[in-house]
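Shown next, in structure tokens, is the structure this report addresses.
The values are calculated or read from the model by the stated rules, or taken from the named source; none is laboratory data. No experiment lies behind these values; they were computed from the predicted model shown. Cβ sites come from the backbone with ideal geometry, for glycine too, and all protein chains shown count toward neighbours.
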Amino acid sequence: MMRRLGILGWPVAHSRSPAMHNAALQALGMKDWRYQLLPVPEDLLAETVRALGQTGFVGANVTIPHKQAALGLAEQASEAAKAIGAANTLMFAPDGMISAENTDAPGLIAALDESPRGISALVLGAGGSARAAVWALREAGASEVSVWNRTPARAQRLARELGVRSVSQPDHADLLINCTSVGLERSASEPEGLNQLGLTFDQVGKYPYVVDMVYRSSPTPLLAAAREHGARTLDGLEILLAQGALSFELWTGRTPPLEVMRRAVRDCMGVV
């Protein structure tokens, strides 16, 4: 019987997770496994998730906008997922049990090229990815973690629940992390994209290290501006790889072939 994996999201057509995971499965000779897109609107998420285990699914990743809702659909959850309040990885047991984990948090820390201990960080966004980033940075020893969102009440709620501070406008930090979907659409110009993040081109220059969870073949408006200012940058591809590798191991019990996964993502994005 085919054992199936997938990624739940809305929209989800842009995801490179199928290319990454299917390449890993092929490299390991796991011919009876397949990873696929699972485009599911919010009003159908609960019934879809509860049916997956009965249709051959072993696990699923979860992306925007379902990460917080996915946690609530699981009968079991890791302490990290519960503390974060969001899940990006689900496991389906043969008896129908749904378990939740969050690999976004350790994936982010693994992708950074230095420990965030002792530095200040500003997180843009208030969804599931932002919750994971805030929690991960706090647990890793960042000296101060702030969160900004276009809807201030959402930032305030996240900050209150995770014990950090919310800000009314982006302020200075050693590390800036965009956890919103701004930049995913290529149609927005650089000024428009930055404006949606509450930033101007000059403001971006105040951040020495800029991370964007969004991944695409060309730089996002945020990363393009950061690079013009000479800042260190990290795009979402490496974060996708790090969290995906952790999910892969949870589902399969196998050590993922990282270089195979990285090459598959870069190839399908047309990145040299």
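Just a few scattered comments:
- Long-range neighbours under 9 Å by Cβ, at least six apart or interchain, first residue in a loop (DSSP other than H, G, I, E, B) within the stretch 50-63, second among the small types (Gly, Ala, Ser): Thr63/Gly9; Thr63/Ser15; Thr63/Ser17; Thr63/Gly128; Thr63/Ser129
- Count - residues of the stretch 225-238 that are at pLDDT below 95 and not acidic (Asp, Glu): 2
- The listed residue being out of contact with any Cys (no Cβ under 7 Å at 6 or more places or on another chain) and touching a residue at least 40 places away in the same chain (Cβ under 8 Å), out of Met269, Met213: Met269
- Residue identified as within 22 Å of Ala81 (Cβ to Cβ) and touching a residue at least 60 places away in the same chain (Cβ under 8 Å) among Gly128, Gly141: Gly128
- 1 or more residues modelled with pLDDT under 95, within 15 Å of the chain's Cα centre (by Cα) and surrounded by fewer than 21 Cβ atoms within 10 Å (Cβ to Cβ): qualifying strands (runs of 3 or more DSSP E) within the stretch 70-146: none
- Residues being within 21 Å of Arg131 (Cα to Cα), free of Cβ contacts under 8 Å to residues at least 24 places away in the same chain and surrounded by fewer than 18 Cβ atoms within 10 Å (Cβ to Cβ) - total across the stretch 156-209: 4
- Complete set of residues in the stretch 67-121 that are out of contact with any strand residue (DSSP E or B) (no Cβ under 9 Å at 6 or more places or on another chain) and of a type in the set (A, V, I, L, M, F, W, C): Ala83, Ile84, Ala105, Ile109, Ala110
- Residues of the stretch 32-49 classified as crowded, with 22+ Cβ neighbours inside 10 Å and either touching a residue at least 40 places away in the same chain (Cβ under 8 Å) or closer than 19 Å to Trp135 by Cβ (or both), total: 1
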